[in-house]
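The values are calculated or read from the model by the stated rules, or taken from the named source; none is laboratory data. This is a predicted model, so every value here is computed, not measured. Using ideal geometry, Cβ is built from the backbone for each residue, glycine included, and neighbour counts are taken over all protein chains shown. The area values use the complete protein model at the heavy-atom level, side chains included, leaving out ligands, DNA and RNA. Shrake-Rupley method; radii C 1.70, N 1.55, O 1.52, S 1.80 Å.
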Amino acid sequence: MFKLFGFRPEKILKAELTTGAVYSPFQYFSDYPETIFQLVFSDGNIAFDLFFHFDHNGHVLGKTAIGDIPEKFWTHHSIPKLYSVLQRSNSTEESFNNLLRRMHFAAGNSAKLWEQAEERDRLKSMFSAQPIVIGGCGRSGTSLLLSILGAHPSILALQTETYAFYPRPLRSGKIRNQIQHQAGKETARRWCEKTPKNVLAFDQINTFFDGQVKIIHVVRDGRSVVTSHHPNHIQKYWVPVDRWIKDVEEGLKFKDQTHIVRYEDLVTDPPMTLEKICRFIREPFDAKMLDFQKHTTVKHNIAWGAGASVRPISAEHVQKWQAPEHAEVISELMANEKAVNLLEKFGYIQD
């Protein structure tokens, strides 16, 4: 077994992600194969674990550590050829889901995130303007807004959800990979990332960027959300009542530092809604956003279904929750006091 900074791991666990799979409880998804390694160190006097998350090319997407971490691990920023060394090492196969859980548990309980400031500075150096991060409960229109913003000349909208910031900002390497993969929009001066579960990490995202970030929270009528079927899972409702409540409530905890966009306003009055968004992100309004399907860099998204392409802004789905077949789940929603309070708060029902 090899040594890392003088320490020999007691064991190495390895897990590989299969493309197209969705992993719970994070609903983590990737378009490309990925690998996580867990290195376990214990010599009687010190015990700690290191986690490394690599893309299919062996580039580090993220890393974290937990335990009695020697200072040299926090301060050493380059571990050359580690991926190839780990691939050749004697390792035990694990499920990706298990290592993903452990890595996030480690990040959530570690005193600090590995190279957090350095990773932030790398991202900041790539563009001149503050990044834009979008979050909101699933099936609320986050993909639509990303695609619309992707039509703005100054914004490079990342085409896939990165999960870089949820549940903690420990995978910013995925942002850098996406930016490099999409290179070519010469007018762009900032990037925009959308992962719905960002809504559960708004505070940490703001901290990661030291306040130099524009965060947008997309909210949709809960009755529409809980009656929405994911196009790749049309046999079942996608978002439970409790998830809609939790996601919206978590997003509202950070309402003073975010811009809230109602999906219904976006599709029924795009010009006014997009004008407000542009003022928030400090960009001039561009009419290409109203005809975004012709100009956006985000023309496909998993939220629209396999093989589906972007379509013009439409309000056709605003009232679909009223269909008789949804009566049972709507009754469940309306019987929940928290849900009713949120519907009232956003003007979806009258007190």
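Summarising the label geometry, the points placed 7 Å from Cα in the beta-carbon direction at D269 and E337 lie 3.3 nm from one another. Farthest toward the positive end of the dipole of segment 104-235, out of P153, Q116, G222, is the Cα of G222, where the dipole comes from beta carbon charges about the Cα centre.
Between rounded, prolate and oblate, where does segment 284-332 land on the alpha carbon gyration tensor, with a ≥ b ≥ c its root eigenvalues, rounded for a/c under 1.5, else prolate if a/b exceeds b/c?
Values: a/c = 3.55, a/b = 2.01, b/c = 1.77.
Prolate, because a/c is 1.5 or more and a/b exceeds b/c.
Normalising the Debye intensity of segment 1-69 to I(0), with uniform scatterers on Cα atoms only, and taking log10 at q = 0.13, 0.17 Å⁻¹ returns -0.44, -0.69.
Using just the helices of the chain, give the 222 nm mean residue ellipticity in deg cm²/dmol: DSSP H runs with n ≥ 4 each add -39,500 (n - 2.57), and the total is spread over all residues, rounded to 500.
On the way: 13 runs with 111 residues, N = 351.
Calculated mean residue ellipticity at 222 nm is -8500 deg cm²/dmol.
The residues of segment 100-191 expose on average 34 square angstrom of accessible surface per residue, using a 1.4 Å probe on protein heavy atoms.
Each peptide among 80-93, 45-58, 186-199 gets the average number of other Cβ atoms lying within 10 Å of its residues, and from highest to lowest they stand as 186-199, 45-58, 80-93.
Centre-to-centre, using Cα atoms only, segment 179-242 and segment 1-49 are separated by 27 Å. Along the Cα-to-C-beta direction of K294, a point sits 7 Å from the Cα; which residues of segment 244-281 have their amide N less than 17 Å from that point? Within reach of a label on K294: 271.
Could you tell me whether segment 104-259 comes out rounded, prolate or oblate from its Cα gyration tensor? Rule is a ≥ b ≥ c as square roots of the eigenvalues, rounded for a/c under 1.5, then prolate if a/b exceeds b/c, otherwise oblate. Each step should come with its number before you reach the end.
Numbers: a/c = 1.81, a/b = 1.30, b/c = 1.39.
Oblate, because a/c is 1.5 or more while a/b does not exceed b/c.
Of the accessible area of the chain, computed with a 1.4 Å probe over protein heavy atoms only, carbon and sulfur atoms account for 48 percent.
State whether segment 107-159 is rounded, prolate or oblate according to the following rule on the C-alpha gyration tensor (a ≥ b ≥ c being the square roots of its eigenvalues): a/c under 1.5 gives rounded; otherwise a/b larger than b/c gives prolate, and the remaining case gives oblate. Please list the in-between numbers first.
On the way: a/c = 4.23, a/b = 1.40, b/c = 3.01.
Oblate is the answer for segment 107-159, as a/c is 1.5 or above yet b/c matches or exceeds a/b.
Label reach from K185 (point 7 Å along Cα→C-beta): in segment 124-144, amide nitrogens under 20 Å belong to 124-136, 141-144. Working note: Cα atoms of segment 1-155, range along each principal axis, descending, whole Å: 55, 33, 28.
Overall size of the chain from C-alpha positions, given as principal axis extents largest first: 64, 47, 38 Å. Under a model in which nothing but the beta-carbon of Lys, Arg (+1) and Asp, Glu (-1) is charged, segment 85-234 shows a dipole of about 140 debye around its Cα centre. Annotation: amide H-H contacts under 5 Å for E34 (H modelled 1.01 Å from N, sequence separation of 5 or more, or interchain): L17. A 1.4 Å probe, protein heavy atoms only, puts the accessible area of D203 near 90 Å². Residues whose amide H falls under 5 Å from that of R262, counting only those 5 or more places apart or on a different chain, are V219, with hydrogens built in the peptide plane. Amide H contacts of V239: S228, each under 5 Å away and 5 or more positions distant or on a separate chain (H built 1.01 Å from N in the peptide plane; Pro and chain starts excluded). The calculated FRET efficiency for N98 paired with D256, based on their beta-carbon distance and R0 = 51 Å, is about 0.85.
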